[in-house]
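The values are calculated or read from the model by the stated rules, or taken from the named source; none is laboratory data. Small disclaimer: the values here were computed from a predicted structure and weren't measured. Methodologically, a virtual Cβ is constructed for each residue, glycine included, from the backbone with ideal geometry; neighbour enumeration extends over all protein chains shown.
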Amino acid sequence: MRTPLWTGVTLFVSGIGFSYYSIYITQKEYKSTELYQTSIMHLKNYDPVLEYVGDPISIKRVEMAEYTDNNVTMVIPFRGPKGKAKLIVNGVRGASNEVILDHLDVELSRSKKTWTFFKAQNTDIVSQPKSLNCESESKLPEGHLVKCGS
């Protein structure tokens, strides 16, 4: 016959196991979306970030996903041999309820500098923000933004 203590411990351990399993399933679902796959493809083809963090990059999880009426935002931390950064994925919900990539931002961990390197309307990928600072906004191609500070 089990004592109440063992029953409580069993329920507690089962609850933790279920929590980790649900987190695993949620992460797997995020990573299987076209929005995630397309965003990672653009990131891996963006040389300035690869120069900053090094190649290969390692992506473990989606840190946060926020869904509002028509917008989706995912924050995906990644790292390489030289450093860390975050990919901020911004999508919009289309007419048939599918999520379409709108723009991608990168936030560098050390400097906390953030800039948009991909916009859906302008498929050019920025290739020159190596010495990015607050004064360099005019050096970026039109349509690409720099937000300085945190």
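What to note about this one:
- Residue check: LYS82 meets all listed conditions (1) part of a loop (DSSP other than H, G, I, E, B); (2) surrounded by 19 or more Cβ atoms within 10 Å (Cβ to Cβ) but one, namely (2).
- Cβ pairs under 8 Å, 6+ apart, first in the stretch 28-44 and farther than 16 Å from VAL72 by Cα, second in a helix (DSSP H, G or I): LEU43/VAL49; LYS44/LEU50
- Summed over the stretch 34-69, residues that are in a loop (DSSP other than H, G, I, E, B) and more than 14 Å from the chain's Cα centre (by Cα) total 7.
- Qualifying positions in the stretch 95-107 - surrounded by 13 or more Cβ atoms within 10 Å (Cβ to Cβ) and out of contact with any Ser or Thr (no Cβ under 9 Å at 6 or more places or on another chain): ILE100, ASP102
- Restricting attention to the stretch 85-94 and to residues that are modelled with pLDDT under 90 and small (Gly, Ala, Ser), the residue that is surrounded by the fewest Cβ atoms within 10 Å (Cβ to Cβ) turns out to be GLY94.
- Yes/no for VAL62 being β-branched (Val, Ile, Thr), at pLDDT 85 or above and out of contact with any His (no Cβ under 9 Å at 6 or more places or on another chain): no
- Some residue of the stretch 120-128 being in contact with a strand residue (DSSP E or B) (Cβ under 7 Å, 6 or more places away or on another chain), closer than 29 Å to GLU29 by Cβ and either modelled with pLDDT of 85 or more or in the same structural domain as LYS28 (by TED's automatic domain parsing) (or both): no
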